[in-house]
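Enquirer: This structure is in structure tokens; I'll ask about it shortly.
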Amino acid sequence: MDEQPIAIKTLTIDGKEVGARSGDTILQVAQEHGIWIPTLCFLDGLTAYGSCRICMVELEGNNRLFPACVTKVYEGMVVIIHSPRLEHYRRVIVEMLLSERPHICSVCVSNGHCELQTMAQLLGVTSVRYPYLMRKHDVDASNHRFLHDDNRCILCGRCVRVCSEIEGAHTWAFSGRGVESRIVTDLDQPWGESESCTGCSKCVHVCPTGALIEKGRSVAEMAKRRQFLPYLTVMRKEDAE
Amino acid sequence: MLDYKHPEPPQQDKRWKMVRAEMRRHGYSPHALIQVLHAVQSAFGYLDNESLRYVAQALRVPLSRVYGVATFYHYFTLKPLGEHLCVVCTGTACYIKGVPQLLTAMKDEFGIGLEETTANRKLSVTSARCVGACGLAPVVVVDNEAHGNLTPDDLVSRLKEVTEK
């Protein structure tokens, strides 16, 4: 059987001419060519979700902004990653994420290992222009190995995706809407009483902040280990084929 | 293939028959989640954990997703509502025209705020984003009857009339 020829598209990302397979997203192509696009909710191995809006890029000839992680490439596309408008929006997004929950790095167990903190530093966020909402969220320490702290959650949905897509347990889901949104286990019951949780710890290791952490680890040790994810995804795909 | 038996409803209650009929109509498909939750909500007036669990099992949908859907949509309530329902519009127009004062008046008179029910189960207060009658702001819908241009006193007397009937 003849193999379908892969259509190659050429486009410009950040002034650099690159080639890409059709069906690739802007982010995939950029990463293959070593071009950095800031991301927060995206994680290699999970479905792109487009929720954090940090990876928004400009396309020449179009006034709208497009999320790089879910926008497919086309021939002759001109992608702009850095512009004053984009930098401004990205900073505003990070500031809003910081002010939505009581994110205070100095008292956070993930201080130094937090992707939100890193992103804020990379984008040059020196202060938050909005007042912190300071809503009170309970901490769920019912699981004997892990801890769930809504106060550090940025609702990126990585735990929800890894639990349903990779582990297949679907313990996590979003509840509520808007500012009331939270991640919950099963019927919003304590994590330790969840019937579907297998205790695999994948959600803990994909969490970008200190919202899901391992108990008994100090601030210096709270690095997340997520090397497993690309392997699992690749192996599963090979198994399926 | 494993033999799959549909789970039995949590209680011997005739209302579950309506729910089961709805499930059958959709072939127990996971996609029918919202319709089935609608059926439970209209049959029982609210969704408790037991019914959520039953729906999840019968449609083979993860518990967390059932809970997520039930809390996402305004139509579903997880707590039983009171005999009478007072829906306060919290849209921008109504908010500016004095919804906070209406809520304070209700709190003072009945001791309940938004999304709460009085201890005697007579009255529930819920909110709506916008009821689409901004010209009548502030609008409150009491037992499916809209009241516009309300002052706190009007509202309290109207609610007293309804609950004391």
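Enquirer: About its Cα centre, what dipole magnitude does the protein assembly as shown give when the only charges are +1 on Lys and Arg Cβ and -1 on Asp and Glu Cβ, stated in debye to the nearest 20?
Expert: In debye, rounded to 20, the protein assembly as shown gives about 200.
Enquirer: Quick one: helix A:84-100 against the long Cα principal axis of chain A, what's the angle to the nearest 10°, folded into 0 to 90?
Expert: With rounding to tens, the tilt is 10 degrees.
Enquirer: Give me the net charge of B:Glu116's neighbourhood, meaning all other residues with Cβ under 11 Å from the Cβ of B:Glu116; Lys, Arg count +1, Asp, Glu -1.
Expert: Local net charge: +1.
Enquirer: In whole angstrom, note down how far apart the Cα centers of the range A:143-166 and the range B:101-165 are.
Expert: Between the Cα centre of the range A:143-166 and that of the range B:101-165, the gap is 38 Å.
Enquirer: Okay, next question. Percent relative contact order of the range A:8-82, based on C-alpha pairs within less than 8 angstrom and at least six residues apart? Please list the in-between numbers first.
Expert: Values: 140 pairs, mean separation 30.8, N = 75.
Dividing the mean separation by the residue count of the range A:8-82 yields 41 percent.
Enquirer: Could you list, by residue number, the cysteines of chain A that have no other cysteine's beta carbon within less than 4.7 Å of their beta carbon?
Expert: A:Cys55, A:Cys69, A:Cys105, A:Cys108, A:Cys114, A:Cys153, A:Cys163, A:Cys197, A:Cys200, A:Cys207
Enquirer: Sticking with this one: Counting only C-alpha contacts under 8 Å and six or more residues apart, can you give the relative contact order of chain A as a whole percent?
Expert: 17 percent
Enquirer: Let me ask something else. Normalising by the residue count of chain B, find the relative contact order in percent from Cα pairs under 8 Å and 6+ residues apart.
Expert: 18 percent
Enquirer: Sticking with this structure for a sec: Helix A:228-240 versus the longest principal axis of chain A: what angle, 0 to 90°, nearest 10, using Cα atoms?
Expert: 60 degrees
Enquirer: Less than 14 Å Cβ to Cβ from A:Thr12, Lys/Arg counted +1 and Asp/Glu -1: what total charge do the surrounding residues give?
Expert: Around A:Thr12, the charge tally is -3.
Enquirer: Could I ask something else about it? Quote the FRET efficiency, to the nearest 0.05, computed for A:Ser99 versus A:Arg225 with a Förster distance R0 of 30 Å and r equal to the Cβ-Cβ distance.
Expert: E between A:Ser99 and A:Arg225, to the nearest 0.05, is 0.50.
Enquirer: Where the centroid of each part is defined by its Cα atoms, how far is the range A:176-193 from the range A:82-132 in Å?
Expert: The distance from the Cα centre of the range A:176-193 to that of the range A:82-132 comes to 24 Å.
Enquirer: I'd like the chymotrypsin sites (Phe, Trp or Tyr not before Pro) in the range A:156-206 restricted to DSSP loop residues with at most 11 other Cβ atoms within 10 Å, sorted by number.
Expert: none
Enquirer: Just name one of B:Gln35, A:His148, B:Val142: the one whose Cα is farthest towards the positive end of the charge dipole of the protein assembly as shown (beta-carbon charges, Lys/Arg +1, Asp/Glu -1).
Expert: B:Val142
Enquirer: Now for a different question. Using R₀ = 30 Å, calculate the FRET efficiency as 1/(1 + (r/R₀)^6) where r is the Cβ-Cβ separation of B:Ser29 and B:Tyr75; round to 0.05.
Expert: 0.90
Enquirer: With +1 on each Lys and Arg Cβ and -1 on each Asp and Glu Cβ, and nothing else charged, work out how big the dipole of the range B:100-155 is about its Cα centre, in Debye to the nearest 20. Spell out each step's value before the answer.
Expert: Working: 4 positive and 8 negative charges, 35 e Å.
Dipole of the range B:100-155, to the nearest 20 debye: 180 debye.
Enquirer: Quick test of your reading: applying the under-4.7 Å Cβ rule, which cysteines of chain B are isolated?
Expert: B:Cys86, B:Cys130, B:Cys134
Enquirer: Which is farthest toward the positive dipole end of the range B:84-163 among B:Ile112, B:Gly91, B:Ser124, measuring Cα position about the Cα centre, with Cβ charges +1 (Lys, Arg) and -1 (Asp, Glu)?
Expert: B:Gly91
Enquirer: Give me the one-decimal nm value for the distance between modelled label points at A:Ser201 and B:Ala21, 7 Å along each residue's Cα-to-Cβ direction.
Expert: It is 5.3 nm.
Enquirer: Shifting gears a bit: With Cβ to Cβ distances under 12 Å as the rule, what net charge do the other residues near A:Ala223 carry (K, R +1; D, E -1)?
Expert: +1
Rule-based calculations on the coordinates, nothing more; no lab input. In this text, all values refer to a predicted model and were calculated from it rather than measured experimentally. Counting neighbours? That spans all protein chains shown, and the Cβs are built from the backbone with ideal geometry, glycine included.
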